[in-house]
Amino acid sequence: MPAACESVLEDIEDIVSAENLKPHDRQFVRRNVFPKVRKRNSQKNAQTDDEPPSDSIIPGVQKIWIRTWGCSHNNSDGEYMAGQLAAYGYKITDNSDEADLWLLNSCTVKNPAEDHFRNSIKKAQEGKKKVVLAGCVPQAQPRQEYLKGLSIIGVQQIDRVVEVVEETIKGHSVRLLGQKKDNGKRLGGARLDLPKIRKNPLIEIISINTGCLNACTYCKTKHARGDLASYPIEELVDRAKQSFQEGVCEIWLTSEDTGAYGRDIGTDLPTLLWKLVEVIPEGAMLRLGMTNPPYILEHLEEMAKILNHPRVYAFLHIPVQSASDSVLMDMKREYCVADFKQVVDFLKEKVPGITIATDIICGFPGETDEDFQETMKLVELYRFPSLFINQFYPRPGTPAAKMPQVPAAVKKQRTKDLSQLFHSYNPYDHKVGERQRVLVTEESFDSNYYVAHNPFYEQVLVPKDPLLMGKMVEVNIYEAGKHFMKGQPVSDARVHTASISRPLAKGEVSGLTEEFRRSAQNGTKWKAQPNAEIPVKTRLSSWMALQLPWQQEGGGLKILSVSLALLAVLVMFYYGEMKTEL
């Protein structure tokens, strides 16, 4: 394994001189790759008949393990990176031990998540694995000591993951951390039509915008994702349409703050949602992601109408963080407790049965016992069925980290007290005996049930009948727990299938045209013969087939330049062979 370059480069182009090909062109011409003729040893080399050795520098033969921490936005980024790498020819593996390279996609929200990320880097290095880092941690603080010498791909540069991985495998340490802009205006990020591998082939995660309009004093994610940048409505609708054509039956809209969507491009969230519901087929559902109170207040009437739509889950995640106005002011949350209550009360009245999920931080700097008791009263009042309780962790570089801290023991006790309150009530007991319509999308962690959700996005466990997966069915609720209900399918009920299209297989790449599928298949499915040299023509056609459509710009000029480059290589090889014979 080649030693990594000691210098850390700010961009991939830095490793190429002006007279050399650029990274995205190097997939056409590999001037230094000449497989050697090996002596016949059928028993030793039998295992190499199907694929080249994983330590080869031929692109697209290495195995890559991807680990993602954090929110659904981060998970969507991970799916896009996996899809591009697989489309190029790399094998995405679930076995970290057999992988040649680890792609670690990090979360910077809390200290424990970053600790896991740091420990994984250390483990990869101990295992002599190549490493590429992604996500919010290296984007926000790329110069941390434990990141030195490692390749980094920024949150807005995920469409170039193939280049970063390729150079890292060669032994280079490269970094892409720039922002995407169009005429000086910051864009939402990488294109939405990139190939991806969905973690669950039935669920499509769509990031509608990146960044936010807030400046919360505890938030590290802002340092990574930046200010608000929204995707155009037409691009989001096109992505949803494509997803349904690939057998998806559930769409999650995600971002750092969905409620702020469109404020930078002259539109708003309700306008987007009304366009999306037009394309949702019968038997499919849409789930809206987290929104902060300030940006949903002015759209309450329209949001209530949308959340009552039969193909939209009556579910909304609205973080309150604290029920103390003084604490909220120190957090710079830009709302008061009365604003939060207004949103919740209005939606509960206009959308009967709606599920309101919320977040609470315990032990924020300056939080008094009286402040915390106000939060306890709020939870007692609303009895949120879904409550994310977080002990405060000061994140480096945030204003809250410099504030006087609440003692650790006090923070732990408050977290424990709030958790006990949350577990003191059962939100679903009164639903036993109901007949509910549910959409089945995944398998439970213990593999004993399939997981479905009713119209309020409440979890319902159903029998593991393969015929139910991806279907909308009616069930009778016969049992309830703290976080779930159990349902038995009704025998005479109608079953809805969301799409006539067959869902993609697990691990299959989404977003590839049939033409690209055929060319990639024809170009990459060759077998490396252990006892004969691979013809130059075969090698070059393989690399040509792997040009990624989303990287094609100025296609005509590129085809001409590539053709000339190929001709030059063939001529050089031909004269080299002639000299050898002479």
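Suppose we filter Glu302, Glu370, Glu374 for residues that are surrounded by fewer than 21 Cβ atoms within 10 Å (Cβ to Cβ), under 26 Å from Tyr457 (Cα atoms) and acidic (Asp, Glu); which single one remains?
Selected residue: Glu302, the only one of Glu302, Glu370, Glu374 that is surrounded by fewer than 21 Cβ atoms within 10 Å (Cβ to Cβ), under 26 Å from Tyr457 (Cα atoms) and acidic (Asp, Glu).
Only one of Gly487, Gly470 is surrounded by 17 or more Cβ atoms within 10 Å (Cβ to Cβ), on the phi > 0 side of the Ramachandran plot and at pLDDT 90 or above. Can you tell me which?
Residue meeting the stated conditions: Gly470.
Does Arg414 qualify as being within 30 Å of Ile203 (Cα to Cα), more than 27 Å from the chain's Cα centre (by Cα) and not aromatic (Phe, Trp, Tyr)?
no
Among the residues of segment 196-222 satisfying the criterion of being more than 17 Å from the chain's Cα centre (by Cα) and aliphatic (A, V, I, L, M), which is surrounded by the fewest Cβ atoms within 10 Å (Cβ to Cβ)?
Ala215
So if I check each of Tyr261, Tyr295, which one is aromatic (Phe, Trp, Tyr) and more than 24 Å from Tyr80 (Cβ to Cβ)?
Of the residues listed, the single one that is aromatic (Phe, Trp, Tyr) and more than 24 Å from Tyr80 (Cβ to Cβ) is Tyr295.
Name the residue, out of Asp193, Asp227, that is open to solvent by 10 Å² or more (accessible area, probe 1.4 Å), among the acidic types (Asp, Glu), out of contact with any His (no Cβ under 9 Å at 6 or more places or on another chain) and farther than 30 Å from Asp94 by Cβ.
Checking each option against the conditions leaves just Asp227.
Considering only residues that are over 20 Å from Val509 (Cα atoms) and acidic (Asp, Glu), look in segment 142-190 and name the one that is least open to solvent (accessible area, probe 1.4 Å).
Among residues in segment 142-190 that are over 20 Å from Val509 (Cα atoms) and acidic (Asp, Glu), the one least open to solvent (accessible area, probe 1.4 Å) is Glu167.
I'm told Ile205 meets every condition in (1) part of a loop (DSSP other than H, G, I, E, B); (2) on the phi < 0 side of the Ramachandran plot except one. Can you identify the failing condition by its number?
Of everything listed in (1) part of a loop (DSSP other than H, G, I, E, B); (2) on the phi < 0 side of the Ramachandran plot, Ile205 misses just condition (1).
Sort out which residues of segment 231-253 are open to solvent by less than 10 Å² (accessible area, probe 1.4 Å) and either in contact with a Lys or Arg (Cβ under 6 Å, 6 or more places away or on another chain) or outside any helix (DSSP H, G or I) (or both), and write them in order of number.
Those that are open to solvent by less than 10 Å² (accessible area, probe 1.4 Å) and either in contact with a Lys or Arg (Cβ under 6 Å, 6 or more places away or on another chain) or outside any helix (DSSP H, G or I) (or both): Gly247, Val248, Cys249, Glu250, Ile251, Leu253.
I'd like the full set of residues that are of a type in the set (Gly, Ala, Ser) and either modelled with pLDDT under 90 or touching a Cys at 6+ places or on another chain (Cβ under 9 Å) (or both), limited to segment 216-238.
Ala224, Gly226
Please find, among Gly89, Gly70, the residue that is modelled with pLDDT under 90, on the phi > 0 side of the Ramachandran plot and buried (at least 18 other Cβ atoms within 10 Å of the Cβ).
The unique qualifying residue is Gly70.
Exactly one condition in (1) without any contact (Cβ under 8 Å) to a residue 40 or more places away in the chain; (2) loosely packed, with under 15 Cβ neighbours inside 10 Å is false for Tyr450; which is it?
(2)
The values are calculated or read from the model by the stated rules, or taken from the named source; none is laboratory data. On a predicted model such as this, the values are computed, not experimentally measured, just so you know. Positions of Cβ are generated from backbone atoms using ideal geometry, with glycine treated the same way; all protein chains shown enter the neighbour counts. Protein only, heavy atoms only, side chains kept; ligands, DNA and RNA dropped before computing areas. Shrake-Rupley method; radii C 1.70, N 1.55, O 1.52, S 1.80 Å.
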